[in-house]
Amino acid sequence: MADIIVKTENLTKSFDELLVLKNISVQVERAENLIVFGKSGSGKSVLLKCIIGLMKPDSGNIYINNNKISDLSIKQLNTVRKDIGFLFQGAALYDSMTVRENLSFPLKRHFEEMTPKEIEDKVQYTLELVSLEEAIDKMPSELSGGMKKRIGLARSIITDPALMLYDEPTTGLDPITTKEISELILNLQKKFNMTSIVVTHDLICAEIIADRAIFLRDAHVAFEGKIEELTKSGDPFLKNFFSHEIVKV
Amino acid sequence: MNLPRHRYGRRLTYGDYLYNFFATLTGLTVFNLEFVKQAFIPPYEIAEVKKHMTELGVKTLGIVSITGFIIGLVLAMQSQPVMQRFGASDFLPGMVSLSVVRELGPVITALIFAGRVSSGIGAELGSMRVTEQIDAMEVSAINPFNYLVVTRVIATTMILPILTVYVIMIAIIGSYLAIIIVEPMSFEYFRSSVVQSVEFGDFIPGVAKTFVFGYIVGLVGSYKGFTAEGGTEGVGRASTTSVVLASLLILIFDSVLVKISLWLWPTL
């Protein structure tokens with residue numbers, strides 16, 4: 001039986017009158033890359049935030065490594081979170097800290113046994129992975145959009161998480177940078193055998209990364225399967241959605 | 001009278017204002033209780049508290065110095081003709097010093113501090129909230145309340161009394177300058193007059209209440225910033241409303257604390 005890392009059961013979430021997710025049941029296996037597609041406002045990011053515990057679902061269950069998230073105390077939830085990386089849409093770098101401080105921040109908190117030398121080495125190594133060693137002393141305000149995403153990614157993986165959640169990792173980037181970031185995500189996933197959930201509406205990113213995809217529409221999972229099946233679907237809505245993806249690099 | 005519009009277009013009613021007022025008070029109370037709880041939970045971010053104290057001290061030193069000097073100067077200038085009229089010029093140094101030590105120094109410093117620091121904390125944390133930096137901390141299993149709020153509130157609580165003592169000294173120097181412009185007075189005479197008039201006990205209620213004012217400044221700024229929503233507009237709102245609310249609470253608590261200090265030390 002496959003090793004299930006993330007499982008949602010009948011997840012439902014609404015904001016006042018607006019139903020965003022209804023009875024969403026999804027499973028993600030170890031080392032699998034799941035892409036979550038959907039129009040803007042279709043609840044993709046809400047799904048991620050429910051999984052990580054930033055939002056509470058109205059009903060339904062979420063399991064990460066067989067831990068039922070709703071049953072955990074904040075201390076237990078934080079223990080689970082230490083094994084999860086989260087890349088925010090805007091990278092969410094701490095803008096009062098340099099790149100070095102951004103990356104060393106989680107290490108200093110969670111790995112108290114690490115010496116300053118070990119922390120520095122780890123920061124350097126992780127920056128090499130994202131090819132941004134020269135940015136180590138820069139402030140986030142001095143970085144471009146693509147660089148911010150890379151640094152955000154570096155900060156997310158520096159603690160060697162087993163599960164990565166990506167919220168629109170390529171939104172707002174040009175097609176070439178999109179391809180670079182997507183390949184970087186894939187390489188890191190292969191190198192560290194990570195499980196990933198990637199929320200996006202970018203087909204370039206999805207085609208590079210995806211093992212499997214789901215499509216959220218009208219608060220439901222409208223499609224689940226391989227990315228090729230999704231893009232070749234006869235469904236008029238999906239056809240229309242993907243027909244706008246005109247750039248292939 | 002036309003009331004402003006709600007951000008969704010509906011015109012606000014007086015009921016909305018009343019609701020918002022009580023919602024803020026309730027939110028602030030809950031936030032305060034959360035602070036009390038979190039302040040005792042490790043890790044204790046002592047280095048971060050020191051960093052904030054230094055930053056806040058440096059940031060406000062210039063403005064409070066000027067303000068303190070002008071308070072002393074103007075108070076002495078205004079009082080001098082009146083004291084002369086009653087033949088009480090000799091009491092001028094003592095009168096000015098007592099006013100500055102017991103009331104003007106602490107309250108004016110706290111209000112200036114609120115304007116400079118509460119808005120800064122509100123804007124900084126508000127900006128972190130809307131750009132998901134606080135969420136980033138939370139998903140990294142780092143307690144953002146402990147790291148961002150507790151450290152700032154402790155720093156403002158500790159630094160304001162120090163600034164107040166400094167402002168009191170600057171204000172007294174300002175008052176001396178105002179006096180010697182009009183009539184000659186040796187510094188030794190001025191100093192002994194101040195020392196005879198102001199007892200150590202006069203300092204205690206004045207400086208003690210600035211711990212409360214510092215706490216208010218940090219707590220209100222953090223509350224408004226931490227709960228900000230609505231993008232950059234929300235950050236601006238957090239910044240301005242923190243100054244208004246902090247200043248209002250400082251004045252309300254001042255009247256309460258003066259009453260309490262008079263009740264505790266009736267001879268003062």
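The values are calculated or read from the model by the stated rules, or taken from the named source; none is laboratory data. In this text the structure is predicted, and so the values were computed from the model without any measurement. Glycine also receives a Cβ, built like all others from the backbone with ideal geometry; neighbour counts cover every protein chain displayed.
Is it the case that some residue within the stretch B:92-106 is free of Cβ contacts under 8 Å to residues at least 60 places away in the same chain, among the small types (Gly, Ala, Ser) and buried (at least 24 other Cβ atoms within 10 Å of the Cβ)? The answer is no; no qualifying residue exists. Selection of the stretch A:101-125 for residues being surrounded by 15 or more Cβ atoms within 10 Å (Cβ to Cβ) and away from chain B (no Cβ under 14 Å) yields A:Met114, A:Ile119, A:Glu120, A:Lys122, A:Val123.
Restricting the search to helices (runs of 4 or more DSSP H) fully inside the stretch A:120-210 and requiring at least 2 residues that are closer than 22 Å to A:Gly43 by Cβ and in contact with a strand residue (DSSP E or B) (Cβ under 8 Å, 6 or more places away or on another chain) gives A:203-209.
Screening B:Ser97 against (1) touching an Asp or Glu at 6+ places or on another chain (Cβ under 9 Å); (2) within 30 Å of A:Gly90 (Cα to Cα); (3) among the polar types (S, T, N, Q); (4) more than 14 Å from every other protein chain (Cβ to nearest Cβ) leaves a single unmet condition, (2).
The rows are residues; the columns are (1) touching a helix residue (DSSP H, G or I) at 6+ places or on another chain (Cβ under 8 Å); (2) within 30 Å of B:Asn20 (Cβ to Cβ).
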| position | (1), (2) |
| --- | --- |
| B:Thr156 | yes, yes |
| B:Val165 | yes, no |
| B:Ile172 | yes, no |
| B:Tyr176 | yes, no |
| B:Ser186 | no, no |
| B:Pro205 | yes, no |
| B:Gly221 | yes, yes |
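Scanning the stretch A:33-46 turns up one or more residues that are away from chain B (no Cβ under 14 Å), among the charged types (D, E, K, R) and surrounded by 16 or more Cβ atoms within 10 Å (Cβ to Cβ). Among the numbered conditions (1) surrounded by 24 or more Cβ atoms within 10 Å (Cβ to Cβ); (2) more than 14 Å from every other protein chain (Cβ to nearest Cβ); (3) within 26 Å of B:Lys51 (Cα to Cα), the only one that B:Ile170 does not meet is (1). Just one of the numbered conditions (1) at pLDDT 95 or above; (2) under 30 Å from A:Val46 (Cβ atoms) is not true of B:Ile142: (1). Looking across A:Glu133, A:Glu112, one residue alone is in contact with a Leu (Cβ under 7 Å, 6 or more places away or on another chain) and farther than 28 Å from A:Val6 by Cβ. It is A:Glu133. When A:Ala213, A:Ala222 are screened for being without any contact (Cβ under 8 Å) to a residue 24 or more places away in the chain, on the phi < 0 side of the Ramachandran plot, assigned to a strand (DSSP E or B) and touching a strand residue (DSSP E or B) at 6+ places or on another chain (Cβ under 7 Å), only A:Ala222 passes.
Condition check ((1) in a helix (DSSP H, G or I); (2) β-branched (Val, Ile, Thr); (3) more than 11 Å from chain A (Cβ to nearest Cβ); (4) out of contact with any Ser or Thr (no Cβ under 8 Å at 6 or more places or on another chain)) across all residues:
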{"position": "B:Ile112", "(1), (2), (3), (4)": "yes, yes, yes, no"}
{"position": "B:Ser119", "(1), (2), (3), (4)": "yes, no, yes, no"}
{"position": "B:Gly122", "(1), (2), (3), (4)": "yes, no, yes, no"}
{"position": "B:Gly126", "(1), (2), (3), (4)": "yes, no, yes, no"}
{"position": "B:Ala136", "(1), (2), (3), (4)": "yes, no, no, yes"}
{"position": "B:Ala141", "(1), (2), (3), (4)": "no, no, no, no"}
{"position": "B:Phe145", "(1), (2), (3), (4)": "yes, no, no, yes"}
{"position": "B:Val153", "(1), (2), (3), (4)": "yes, yes, yes, no"}
{"position": "B:Met158", "(1), (2), (3), (4)": "yes, no, yes, yes"}
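Just give me the residues in the stretch A:78-92 being more than 7 Å from chain B (Cβ to nearest Cβ) and assigned to a loop (DSSP other than H, G, I, E, B), in sequence order. Across the stretch A:78-92, the qualifying residues are A:Asp83, A:Gln89, A:Ala91.
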